[in-house]
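One structure is given below, encoded as structure tokens.
Every number in this text was worked out from the coordinates using simple rules, so none of it is lab data. All of these numbers come straight from a predicted model, not from anything done at the bench. Here the Cβ is made from the backbone with ideal geometry for all residues, glycine too, and neighbour counts use every protein chain on show.
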Amino acid sequence: MRTLWKGTLYLATAAVLLSGCKKDDEDPPAPTPSNPTPTIYQRLGGTTMVNDPANPGTMIEQGYLGLRSVVDSTIFVIAGDAQLQPYFAVLLAEVGSGDLTGFAALSENLTEFFAVATGAQNFTYSGMNMVDAHNSANPRMTGLVTDADFDQFIVDLVAGAAQNNVPSAIVTDIGALVETLRDPVVQQ
Amino acid sequence: MNILKRALWISFASILLLTTTMVWHILAVTKPHANVHHANIQLARIDFATELDAHEAGSIRSAVNALPGVRHARINDARTNLVYSYDRALQDQRRVFVVVKELSPTPCERLVVTAEAAARGCPAMVQGGMDGLGGWISGLMN
């Protein structure tokens, strides 16, 4: 059943992405010892410094900016998704002046997580590991994550990525990366 | 005389400790989060009683996007809610709600998240954000 779900998800991902196929979809050159396969982070722009549109006057690594754009778009999709709402209510909680908003905290946290997971060298992830974070011992958990919830998270992630014109090959690889988190996250 | 001197010293030390604790706490909870992107950006949601038609959804989205301080607005795929982000220094979600309510004949309501629900938010989020002495003091003060 789980395999069937995975297959369906990948097909759905491919269907969404094929509509935006670009030159990036062409087969990359074969890796050689002097030219190793670039990481997802490098393919998103890596450490090339660019202007940060969210903070005028500051520079940001292009790879990090690309991931943050996907994360932010995904957060918007999740915030409007009734199925995932119980897990992400904090996103929409109004906080007082001076306090960090749930949006800012999750955007920062998830972007750092994906940056590290995709090969960034200049960032660290300061949140909990995925097993402890989604364990019933964690008081923040409203209930254990189901396979269906995790599937929905991937659907929302793909929808978020599609809004940022991320090349389909990269989204597919990010999807595959997230899929590796299924076992630590779904603990039923 | 010795007792009086000791009492004065204890009082002075206590006041100093309390003052230091208070200053530490104030600094900890009011730090500007300068290194966090979107530090001042709040997310909000308005739920509609029924599905909006495409034209109405587009109008509401455009109108909210045009409000000062609003960064981004999105109607979900089912067209049953509006999610938007705004700069807390420039906009207030109650004002946005009034605008949407005037624009739409479809009944709607502002989503208000309870403290209990917020405390059970995304489990991957950084826990607390303060470590060691700062976290301990914050716990005491709260």
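See the values below:
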{"read-out": "Taking B:M22, A:M128 and counting other C-beta atoms within 10 Å, the order from fewest to most", "value": "B:M22, A:M128"}
{"read-out": "Phi to ³J(HN,Hα) by Karplus 6.51 cos²θ - 1.76 cosθ + 1.60 over the stretch A:156-168, Hz, x for Gly, Pro", "value": "5, 5, 5, 4, x, 5, 4, 6, 10, 6, 6, x, 4"}
{"read-out": "Order of B:I75, B:I10 under a 10 Å beta carbon neighbour criterion, fewest first", "value": "B:I10, B:I75"}
{"read-out": "By average C-beta atoms within 10 angstrom, highest first, the peptides B:38-44, A:111-117", "value": "B:38-44, A:111-117"}
{"read-out": "Prolate/oblate/rounded label for the stretch B:41-119 (Cα gyration tensor, a/c 1.5)", "value": "oblate"}
{"read-out": "Residues with amide H under 5 Å from that of B:R71, placed H, sequence gap 5 or more", "value": "B:S85, B:Y86, B:D87"}
{"read-out": "10 Å Cβ neighbours from other chains, averaged over peptide B:71-83", "value": "3"}
{"read-out": "The stretch B:36-119: GluC sites (Glu not before Pro) falling in loop per DSSP and having at most 13 other Cβ within 10 Å", "value": "B:E51"}
{"read-out": "Per-residue mean of C-beta atoms belonging to partner chains within 10 Å, peptide B:107-119", "value": "4"}
{"read-out": "Among B:L90, B:A115, B:I75 the positive-end extreme of the charge dipole of the stretch B:41-119 (Cβ point charges)", "value": "B:L90"}
{"read-out": "Hz values of 3J(HN,Hα) by residue in the stretch A:68-76 - Karplus curve (6.51, -1.76, 1.60), Gly and Pro given as x", "value": "5, 4, 5, 4, 4, 5, 5, 4, 4"}
{"read-out": "Dipole moment magnitude, nearest 20 debye, the stretch B:41-119 about Cα centre, only Lys, Arg, Asp, Glu C-beta charged", "value": "280 debye"}
{"read-out": "Ranked list, fewest to most other Cβ atoms within 10 Å of each Cβ, for B:H72, B:H55, A:H134", "value": "B:H55, B:H72, A:H134"}
{"read-out": "Backbone HN-Hα couplings from phi across the stretch B:109-119 [Karplus 6.51/-1.76/1.60, Hz, Gly and Pro as x]", "value": "9, 7, 6, 10, 8, 6, 4, 5, 5, 5, 5"}
